Amino acid sequence: MLRNPNGLSHAVVALLGGTILADALSLFATFELRTAVTEHAGGDVSGRDLAMASMAGAGLLQILLLLATATAFIVWFHRLRANAEVWAGDLLGRTPGWAIGGWFIPFANLWIPRGVAVDIWRASRAEPSAADRPGELLLLNGWWTAFVVDTIVARVAGRVFDRAESFEEYASAANWLLASDALDIVAAVLAILFVRRLTSMQHAKATGMIPAAVTKSRAPAQ
């Protein structure tokens, strides 16, 4: 049975927008940290500590939004996968459960969700069995690439920051963190476009099926 994903998509987009705002706040605080440890002779201890306090606040907001966004996104993702089962269940490579479980398997979560997303995309277009058009998966692949690169850079940035002791090490950590926040913004923007596009595809396909289904059900028996 088809289920409307529009409400969930609005929630995901709103949370992704909040994530972008939190990343922007983190960028500002991290830039202040880099300024404090690089543009003052011998480093500015008070400026560093103030910047780190601001970063902690922005970081907490990022974590809270990450949890909320990830939850809403996975629920939305699973709903779209369930809808895809109605249209092209025999063409899909993984069961609907992978739309949830695939995100929680270490290392494998770097490619399994993308495979599920491709299955959903193909099932949601007008002809699921047709060959991919040139550039058709560009948005999906762009979002996924940004997401994976951001995930890797964020982990490196966190480790560099946790180990920093000298001003030089804090400067290096700040550069990694700035890159991570910038990548997170790019990934969030692409995720918004992906969510809107895929939801629109399913909405168009579902509403296009209604007249045919009604007509068929009302047709006189032969």
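Structure notes:
- Surface composition of segment 1-154: carbon and sulfur make up 69 percent of the accessible area, probe 1.4 Å.
- Charge tally for residue 139 (other residues, Cβ to Cβ under 15 Å; Lys, Arg +1; Asp, Glu -1): +4.
- Tilt relative to the chain, helix 45-88 - C-alpha long axis, 0 to 90 degrees, to 10: 10 degrees
- Rounded to the nearest whole Hz, the Karplus-based 3J(HN,Hα) values (6.51 cos²θ - 1.76 cosθ + 1.60, θ = phi - 60°) of segment 163-177 follow the sequence 8, 5, 10, 8, 5, 5, 5, 5, 5, 5, 4, 4, 5, 5, 5, with x at glycine and proline.
- Relative contact order for segment 75-157, counting Cα pairs under 8 Å that sit 6 or more residues apart, in percent: 28 percent
- For segment 44-163, diffusion coefficient by Stokes-Einstein and Kirkwood Rh (Cα), 37 °C, 0.692 mPa s, µm²/s: 196 µm²/s
- Counting 0.36 nm for each residue step from residue 100 to residue 24 and taking away their Cα separation leaves a gain of 24.5 nm.
- Taking 7 Å steps out from each Cα toward its Cβ at residue 4 and residue 64 produces label points 3.1 nm apart.
- Local electrostatic count at residue 44 - Lys and Arg +1, Asp and Glu -1, tallied over other residues with Cβ under 15 Å: -2
- The chain, accessible area per residue, ligands and nucleic acids excluded (1.4 Å, Å²): 55 Å²
- Our estimate of slack between residue 148 and residue 127, defined as 0.36 nm per intervening residue step minus the Cα-Cα distance, is 4.6 nm.
- Derived scalar couplings between HN and Hα for segment 141-148 equal 5, x, 4, 5, 4, 4, 5, 5 Hz in order, rounded to whole Hz, by the Karplus curve 6.51 cos²θ - 1.76 cosθ + 1.60 (θ = phi - 60°), x for Gly and Pro.
- Hydrodynamic radius of the chain per Kirkwood, over alpha carbon pairs, in Å: 19.6 Å
- Packing rank of 43-51, 112-120, where each peptide gets the mean count of other beta carbons within 10 Å, highest leading: 112-120, 43-51
- Summed residue charge, Cβ within 12 Å of residue 95's Cβ, Lys/Arg positive, Asp/Glu negative: 0
The values are calculated or read from the model by the stated rules, or taken from the named source; none is laboratory data. None of these values were measured; they are calculated from a predicted model. Note that we place each Cβ from the backbone using ideal geometry, even for glycine, and neighbour counts take in every protein chain shown. Calculation scope for accessible area: heavy atoms of the full protein, side chains included, ligands and nucleic acids excluded. Shrake-Rupley method; radii C 1.70, N 1.55, O 1.52, S 1.80 Å.
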